[in-house]
Amino acid sequence: MSEPSRALRRPDIPAGDIGAALAAAGEFASAAAALGRDSAVYLDTLRSLGASDLTTARVIEPHLDALAILAEAGVAPGDVLPGGGDGAWGVFAARAPGLAARREGDGWVLDGVKPWCSLGEQLSHALVTAGTPEGQRLFAVDLTDARVGGAEESWVSRGLAAIRSTSLTFDAMPAKPVGEPGFYLGRDGFAWGGIGVAAVWAGGVDGLVTAVRAAAGRREPDQIALMHLGRLEVITYLLDAVLADAARAIDGGNACGAAGLALSSRVRAVVADAAEQALTICGHALGPGPLTSDETHARRVADLGVYVRQHHAERDLAAIGAATLERH
């Protein structure tokens, strides 16, 4: 980041250490509380985490997202579930028909399979979307309960290799509703959370830029090396401007409803494109050496390549184009 960072100070979390990241997640709670009133703190914190280690950021980002969602619903983690204020949370909202919620007595239970549950067997709590007769609803669940089971699925990813994203099964699992039907997708914070993920991608780009700058400092850069540095400087400036503008829009009340969704789509598209450009530039600038001999760099490249695929590329751009025609 070229601008002074407002990120929360990061505890010493060893790169790739899932346990340490889970243990440290609670130390970032105030960043989640800043979303919507001092959103630069939230975005800068996620970007800083991504710049340090994308695996760590991939653990902490959904925890902060869950805290922000609960706050938007007007409940505290410890109020919605016993012990919820102490553990690490996830958000499992992949669109799939395999999980349903039904009323049982005075409460709700979940039955079925939920795919793409990142770290589902290591987190303590999660917010999970499930179908109900009234439509999709969001539920809080205790993942340490014996009625939650893991699935025997392979995870062969070379990027974010430690962040297993496999299915969980729920067998009459008690769950607490969070918000009314449609709350998860209908709230303003849904768009803001998407911008938060883009901030992590931007942090991954920052890490690549640092590597290229460091290489240029070890030997006199030629004209091509200077060109690579120049392109990365322009990308960094663009990311600074886009995320700062997003934070101002959120805090100013200009990122609510459809406006928020449009902003999130644009920010994510800009950052995803910047990440793909940076990966190419970094590969050209540094060659194969650090990919085969530098663990931190090789993992960052692999992690960012997988992480940014949460953006749906041409499909998301087509959606932006369709929304543009509707507005005009």
- line: Checked against the positive end of the charge dipole of segment 153-311 (+1 on Cβ of Lys and Arg, -1 on Cβ of Asp and Glu, about the Cα centre), the farthest of Ala202, Leu279, Ala249 is Leu279
- request: Hey, can you find the accessible area per residue of segment 1-160 for me, probe 1.4 Å, expressed in square angstrom?
  value: 44
Carbon + sulfur, % of accessible area of segment 179-328 - ligands and nucleic acids excluded, 1.4 Å: 58
Positive-end residue, segment 131-242 charge dipole about Cα centroid, Cβ charges, pick of Gly159, Gly135, Gly189: Gly159
query: Kirkwood Rh over Cα pairs of the chain into Stokes-Einstein at 10 °C, 1.306 mPa s: D in µm²/s?
result: 77
message: Sort 113-125, 91-103 by packing, meaning the average of other beta carbons within 10 Å per residue, with the highest value first.
response: 113-125, 91-103
Label point 7 Å beyond Cα of Met227 along Cβ direction - residues of segment 277-295 with amide nitrogen under 13 Å: 281, 284-285
- request: Lys and Arg at +1, Asp and Glu at -1: add these up for the other residues within a Cβ distance under 13 Å of Val270 and post the number.
  value: -3
Charge dipole magnitude, Cβ of K and R +1, D and E -1 - segment 123-264, Cα centre, debye nearest 20: 260
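Packing-wise, with mean Cβ within 10 Å as the measure, how do 262-273, 196-207 rank, highest first? Could you put the intermediate results ahead of the total?
On the way: 262-273: 20.9, 196-207: 27.1.
Sorting 262-273, 196-207 by mean packing, highest first, produces 196-207, 262-273.
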- prompt: To the nearest whole percent, what portion of all C-alpha pairs in segment 273-328 is separated by more than 16 angstrom?
  reply: 54
statement: Carbon and sulfur atoms account, in whole percent of the 1.4 Å probe accessible area of segment 33-97, for 49
task: Could you check the simple spin-label distance between Arg219 and Ala76, using points 7 Å along Cα→Cβ, in nm with one decimal?
output: 5.8
task: Can you pull a Stokes-Einstein diffusion coefficient for segment 209-328 at 20 °C (1.002 mPa s), Rh from Kirkwood over Cα pairs, as a whole number of µm²/s?
output: 132
Descending Cα extents along the principal axes, segment 183-249, whole Å: 55, 17, 14
- request: Mark the label point 7 Å from the Cα of Asp294 along Cα→Cβ and return the residues of segment 196-218 whose backbone N is within less than 16 Å of it.
  value: 204-218
task: Pick out which of Glu276, Glu134, Glu180 has the largest mean-square fluctuation in a Gaussian network model of the chain, springs linking Cα atoms closer than 10 Å.
output: Glu134
Spherically averaged projected area in nm², based on the convex hull that wraps the Cα atoms of segment 1-107: 8.7
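Using a cut-off of 14 Å between beta-carbons, work out the net charge of the residues near Ser157 (Lys and Arg +1, Asp and Glu -1, Ser157 not included).
With Lys, Arg at +1 and Asp, Glu at -1, the net is +3.
The values are calculated or read from the model by the stated rules, or taken from the named source; none is laboratory data. Computed from a prediction, not measured in an experiment: that's the story for all the values here. Don't worry about glycine lacking a Cβ; one is built from the backbone with ideal geometry, like all the others, and counts go over all protein chains shown. Remember, those area values only see protein heavy atoms, side chains included, never the ligands or the DNA or RNA. Shrake-Rupley method; radii C 1.70, N 1.55, O 1.52, S 1.80 Å.
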